[in-house]
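Novice: One structure is given below, represented as structure tokens, and several questions about it will come after.
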Amino acid sequence: MDFKKKSVLLLFAFVFLLYASFIQAQPLTVKDSAELKIALKKMLVLGSVLYIAAHPDDENTALLAYFSKEKLMRTGYLSVTRGGGGQNLIGGEKGEILSLLRTHELLAARKIDGAEQFFTGAVDFGYSKSSEETISIWGKEKTLFDMVWVIRKFRPQVLITRFPTGRAGHGHHSASAMLAVEAFHAAADPNRFPEQLKYLSVWQPKRIVWNSWRPRLKDRSPELPPLLSLDLGEYNPLLGKSYGEIAALSRSQHKTQGFGSVGRRGSRLNYFEHLGGIPAAKDLFEDVDLTWKQIPGAEKVQALLQKANDSFAAENPAAILPLLTAALKHMNKLPDSYRQKQKKAELLAIIRSCAGLWIEATAGKYSVSPGGEIDVKVTLINRSAFDSQLSEVLIKLFQKFGPRQGPAAKRLNATPRAWGRRGQSYLITEQNIKIKAGTKLKNNRPHTEEFSFRVAADVPYSHPYWLREKGTPGFYAIPHPRLTGEALSPTPLAAQVTLKADDQELVFNAPIFYRRRDPAAGEKIRSLEIAPRVTINFLEKVFYFAENSPKKIPVKIQGGPAPVSGKITFNVDAGWQVEPRTLSFDLKKEFAGQDAVIVITPPKQNSTCHLTVDVSDGRVEKGRSRVEIDYPHVPRQNLFPLAGAKLVRVDLKKRGGRAAYIMGSGDEIPRYLTQVGYEVKILSDEDLQQEDLSVYDAVILGIRAYNTRSILKYSQQRLLDYVSRGGNLVLQYNVSRGLQVEQIGPYPLELSRAARVTDELAAVTLLEPAHPIFNSPNKIRAADFENWVQERGLYFAGKWDPRYKALLSCFDKGEEPKRGGLLAAEYGKGNFIYSGYSWFRQLPAGVPGALKLFVNMISLENRW
């Protein structure tokens, strides 16, 4: 092939990537020779495998890396949830925001082990004790719909579950396996979810197996056939790592879970038990054609790809470009099919890397508002010995996609799965940019095109698609079928680059991103965001009013990427008052800020109110806030949820005014104690060794403090001395595994991993109704345990010395009462309290009864 006779058409299509792959905003990187060799070998294998489990961090990263980089399969991980119900060991994000953080941790892990990432819309609502409860909360049909969608879209020949279909500890675990088996059969049934068939076709994997773990082998009946096994400890000389080492790097991305791992080296067997389909005797892909023979007429394609593999030279990868483009030419003649399209995408990426072709599209700023203008620079560098020339540039802007609008919209959206017809997006602008015809892309000479364009006025703000609309407690709202299973929202703007070579089109999608230089870290990249023209943030999500006195609430008004002015209106329920009701803002520079204060006056009686915001800046809309996620291991990004706060009027008395707080893995309790009049100091490691603790009316240890603060092994005696001299110490839940001390209290006390109550509405019994903790300074009644969220508590005490008094009891349906959730003991002149009740969830959720009882705990008098 003559590479000196090439023409290049550069085509920029700014789209919401409805029918293309969902790509993250980052440069199109060029593979090194080791990665290229693996990618070339992978072109000869037409196999795929899908791993299914319940949460981020449940996946077997060694197995994913093994299938992707050793067996050369297209490999995927379907996490049923996004992990928002767990704890966060590195920050304060919880719930919906944590779900996004863990999504990016999974994507970071997949970059290392080579697999792809998928999700259902099921919510991680916290620990569940049974698969029945889990499935009832998720919604069986909704979850199956998404699992079947991913199977039909990904088309794996083998499904693998992480957990057995029987009891697997966490109810989410066993439920994920049970639903996977049902989805295995449903994906092949045209009568199951037929509405999907407008977009996909039915698919039947060959088999589904359970990735069994070693401890279960001893319980297996000797009469059953032997299990299949794989050695995941194999070494890959191209990568210089074993799959155990790759797995550790991948798993260590789960930083919010504290799952940093050490690489394993040497043989390590994994086992697989048959769950459905055609049993395999020796190999998981037994009786599965993994070659190009499964596509009629593809013999020439396979021969060319084999020759390219055999001819590949690490020092000169461009030498095989004629073979690769010839293979692409023959591939384009094959009938359209799923495998053909997938392999074409893989081949295009290999061609780009062999040519050393760098393509990037960068924005002049990281943020643009709907209707705003943005500068874009597209750079191409051809770093190989073939000539090319630039002939034309087109800019295309597409409208957002979503439920169909118009008279039929109501009917089409009658159910969560009733969407409009295919092709909801349509072209709304097209601009031809004049360039110098015949401009050549010279070897290793950057070529740049710069231009500006205006973004459509109805482009949606950057926000995770699964959080755009209100779902149910068990399932996120998915606004369009094309988003089902996807890890992220589509990149808002992308450049589509088309190279014409020898009458063939090579099409690449390059997301538009923002790049800056950091003096310490070097290059920093972030996604281009579609931001509101102005955002409104309150310091807290919840404001408690312990009496009916007015409270000043600071408001942070921040402009977007262009100057803006207008008015903000604050809305409260009847009985509440806000002054001023309306604020004007005039932000003359981009990203300028304006601080303001509003005064909220609560009613005399106990009440809850949701403060909402409207913004008028030429058009009226619900106000948005700005939430930033910024950690080194995930992309920096902003989210734009609706602005507002929860206002809670609660009659509250307290005893004492100074409290010390020993932070554990991170919670928000200190800020809510401050709201109701406490002076709270967060104790550093140095404070724990030197501070005079006697000046505090109470010392509170945050969640998992004894798991995360190594200083406590040296400070434990100081804390017990503080109690002995008359102090009041409150210890919140810790995990029994990994404690820094042998004994967390003054007397023996054992924590239980199993003793927890997951039903947040479970009845609570006061075992010692006359105890001061229920009577002073606030009277605790049954109503104070209403409207709790996610759970009653976790990691209750399982055994304890009789000198502790058990004060509360509750239980999940069908279980014995759990009495270890709130224990109190006198020690010397003071009090020690252990509580597994989930105060760290209730106080930020604005549960007034939980606040009252927590204040009673830290107000407990020295003698009772």
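Novice: Leaving out ligands, DNA and RNA, what percent of the accessible area of the chain is carbon and sulfur, probe 1.4 Å?
Specialist: That share works out to 50 percent.
Novice: Another question, if that's okay. Shape verdict for region 609-703, please, from the Cα gyration tensor: rounded (a/c under 1.5), prolate (a/b greater than b/c) or oblate.
Specialist: Here region 609-703 falls in the oblate category.
Novice: While we're looking at this one, here's another question. For region 573-589, just list the computed ³J(HN,Hα) in residue order, Karplus coefficients 6.51, -1.76 and 1.60, θ = phi - 60°, integers in Hz, with x standing in for Gly and Pro.
Specialist: Computed from phi, the couplings for region 573-589 are 6, 4, x, 9, 10, 9, 9, x, 6, 10, 10, 9, 9, 9, 9, 7, 10 Hz.
Novice: Still on this structure, I have one more. Please state the shape class of region 665-744: rounded when a/c is under 1.5, otherwise prolate if a/b exceeds b/c and oblate if not, all from the C-alpha gyration tensor. Display every interim value, and only then the final one.
Specialist: Values: a/c = 1.75, a/b = 1.19, b/c = 1.47.
Since a/c reaches 1.5 but b/c is at least a/b, the shape of region 665-744 is classed as oblate.
Novice: Stretch Lys198-Gln594 to full length: gain in nm at 0.36 nm per residue minus the Cα-Cα span?
Specialist: Between Lys198 and Gln594, full extension yields 137.6 nm more.
Novice: Using +1 at the Cβ of each Lys and Arg and -1 at the Cβ of each Asp and Glu in the chain, identify which of Gly244, Phe312, Thr708 lies farthest towards the dipole's positive end.
Specialist: Phe312
Novice: Still on this structure: Enter the per residue convex hull volume of region 86-155, computed from alpha-carbon coordinates, in Å³ rounded to the nearest integer. Could you put the intermediate results ahead of the total?
Specialist: On the way: hull volume 8.0 nm³, N = 70.
Hull volume normalised by residue count: 114 Å³.
Novice: Any idea what diffusion coefficient region 230-311 gets from Stokes-Einstein, in µm²/s, Kirkwood Rh on alpha carbon pairs, 10 °C, 1.306 mPa s?
Specialist: Here the translational diffusion coefficient equals 96 µm²/s.
Novice: Between Arg581 and Lys653, take the C-beta separation as r, use R0 = 22 Å, and let me know the FRET efficiency to the nearest 0.05.
Specialist: 0.10
Novice: How would you classify region 710-851 from its alpha-carbon gyration tensor, with a ≥ b ≥ c the square roots of the eigenvalues: rounded for a/c under 1.5, else prolate if a/b is greater than b/c, otherwise oblate?
Specialist: Prolate, because a/c is 1.5 or more and a/b exceeds b/c.
Novice: May I ask for the angle, rounded to the nearest 10°, between helix 321-332 and the longest principal axis of the chain, with both axes built from Cα atoms and the value confined to 0 to 90°?
Specialist: Tilt of helix 321-332: around 80 degrees.
Novice: For region 110-245, what Kirkwood radius comes out of the mean inverse Cα-Cα distance, in Å? Numbers along the way, then the final one.
Specialist: Details: mean 1/r = 0.0588 Å⁻¹.
Final number for the Kirkwood radius of region 110-245 is 17.0 Å.
Novice: Which FRET efficiency value, to the nearest 0.05, do you get for Asp375 and Ala754 by plugging their Cβ-Cβ distance into 1/(1 + (r/R0)^6) with R0 = 45 Å?
Specialist: About 0.20, to the nearest 0.05.
Novice: Note the angle between two axes, namely the Cα long axis of helix 140-154 and the longest principal axis of the Cα atoms of the chain, as a number of degrees from 0 to 90, rounded to the nearest 10.
Specialist: The helix 140-154 is inclined about 30 degrees to the chain.
Novice: Using Cα positions and a limit of under 29 Å, work out the lysines in reach of Lys589, with same-chain residues fewer than 8 apart set aside.
Specialist: Lys365, Lys377, Lys400, Lys524, Lys541, Lys552, Lys556, Lys567, Lys622
Novice: Please state the equivalent ellipsoid semi-axes for the chain: what are the square roots of 5 times the Cα gyration tensor eigenvalues, largest first, in whole Å?
Specialist: 51, 35, 25
Novice: Could you tell me the distance between the Cα centroids of region 670-718 and region 236-275, to the nearest Å?
Specialist: 37
Novice: Sticking with this one: What's the angle, to the nearest 10 degrees (0 to 90), between helix 712-724's Cα axis and the longest principal axis of the chain?
Specialist: Here the helix axis deviates by roughly 20 degrees.
Novice: Still on this structure, I have one more. State the three equivalent ellipsoid semi-axes of region 781-830, derived from the C-alpha gyration tensor as the square roots of 5 times its eigenvalues, in descending order and whole Å.
Specialist: Here the semi-axes work out to 23, 15, 9 Å.
Novice: About the Cα centre of the chain, how large is the charge dipole given +1 on each Lys and Arg Cβ and -1 on each Asp and Glu Cβ? Please answer in debye to the nearest 20.
Specialist: Dipole magnitude for the chain comes out near 1360 debye.
Novice: Ala520 to Gln717: extension gain in nm, 0.36 nm per residue of separation minus the Cα-Cα distance? Walk me through the numbers on the way to the answer.
Specialist: Working: separation 197, 0.36 × 197 = 70.92 nm, distance 4.12 nm.
Once the chain is fully extended between Ala520 and Gln717, it gains 66.8 nm.
Novice: Order these peptides, 828-838, 651-661, by their mean beta-carbon neighbour count within 10 angstrom, highest first.
Specialist: 828-838, 651-661
Novice: Show that you can apply the helix-only estimate: for the chain, add -39,500 (n - 2.57) for every DSSP H stretch of four or more residues, divide by all residues, and state [θ] at 222 nm to the nearest 500. Please report the intermediate quantities before stating the final value.
Specialist: Values: 17 runs with 177 residues, N = 864.
About -6000 deg cm²/dmol.
Novice: Can I ask one more? Go through 730-741, 353-364 and give me the packing order, highest mean Cβ count within 10 Å leading.
Specialist: Packing proxy ranking, top to bottom: 353-364, 730-741.
Novice: Would you mind computing, in nm to one decimal, how far apart the modelled labels at Tyr235 and Lys206 are, each placed 7 Å from Cα along Cα→Cβ?
Specialist: Going from the Tyr235 label point to the Lys206 one covers 3.0 nm.
Novice: Let me know the number of lysine pairs in region 94-165 closer than 30 Å at the Cα, not counting same-chain pairs under 8 apart.
Specialist: Taking region 94-165 as the scope, the lysine pair count is 10.
Novice: Could you state the number of Å between the C-alpha centres of region 561-585 and region 723-754?
Specialist: The distance from the Cα centre of region 723-754 to that of region 561-585 comes to 47 Å.
Novice: Could I ask something else about it? Going highest first, how would you order 175-185, 692-702 by mean Cβ packing within 10 Å?
Specialist: 175-185, 692-702
Novice: I would also like to ask the following. Distance between the C-alpha centers of region 147-184 and region 770-788? Whole Å please.
Specialist: Their Cα centres are 43 Å away from one another.
Novice: Tell me the label-point distance for the pair Ala385, Asp289, using the 7 Å Cα-to-Cβ offset, in nm and rounded to one decimal.
Specialist: Taking the two extended label points, one gets 3.9 nm.
Novice: While we're looking at this one, here's another question. What is the antiparallel percent of DSSP beta bridges lying wholly in the chain, to the nearest 5?
Specialist: Antiparallel: roughly 70 percent of the beta bridges in the chain.
Novice: Any idea what the relative contact order of the chain is, in percent, if you count C-alpha pairs under 8 Å spaced at least 6 apart?
Specialist: This gives 12 percent for the chain.
Novice: Under 8 Å for C-alpha pairs, at least 6 residues apart: give me the relative contact order for region 509-627, rounded to a whole percent.
Specialist: 26
Novice: Grab the Cα-Cα distance for Asn332 and Arg781, subtract it from 0.36 nm times how many residues apart they are, and report the gain in nm with one decimal.
Specialist: That works out to 154.4 nm of additional length.
Novice: Hey, which aspartates and glutamates would be in cross-link range of Lys654, C-alpha to C-alpha under 18 Å, not counting anything within fewer than 8 residues on its own chain?
Specialist: Of all the aspartates and glutamates, those that pass the test against Lys654 - Cα under 18 Å, at least 8 places apart if same chain - are Glu547, Glu679, Asp697, Asp784, Glu861.
Novice: Cross-link candidates for Lys71: which aspartates and glutamates have Cα within less than 14 Å, leaving aside residues fewer than 8 places away along the same chain?
Specialist: Asp113, Asp231, Glu234, Asp283, Glu286, Asp289
The values are calculated or read from the model by the stated rules, or taken from the named source; none is laboratory data. Quantities reported herein were computed from a predicted structural model and do not represent experimental measurements. Positions of Cβ are generated from backbone atoms using ideal geometry, with glycine treated the same way; all protein chains shown enter the neighbour counts. These area figures cover heavy atoms from the full protein model, side chains too; ligands, DNA and RNA do not enter into them. Shrake-Rupley method; radii C 1.70, N 1.55, O 1.52, S 1.80 Å.
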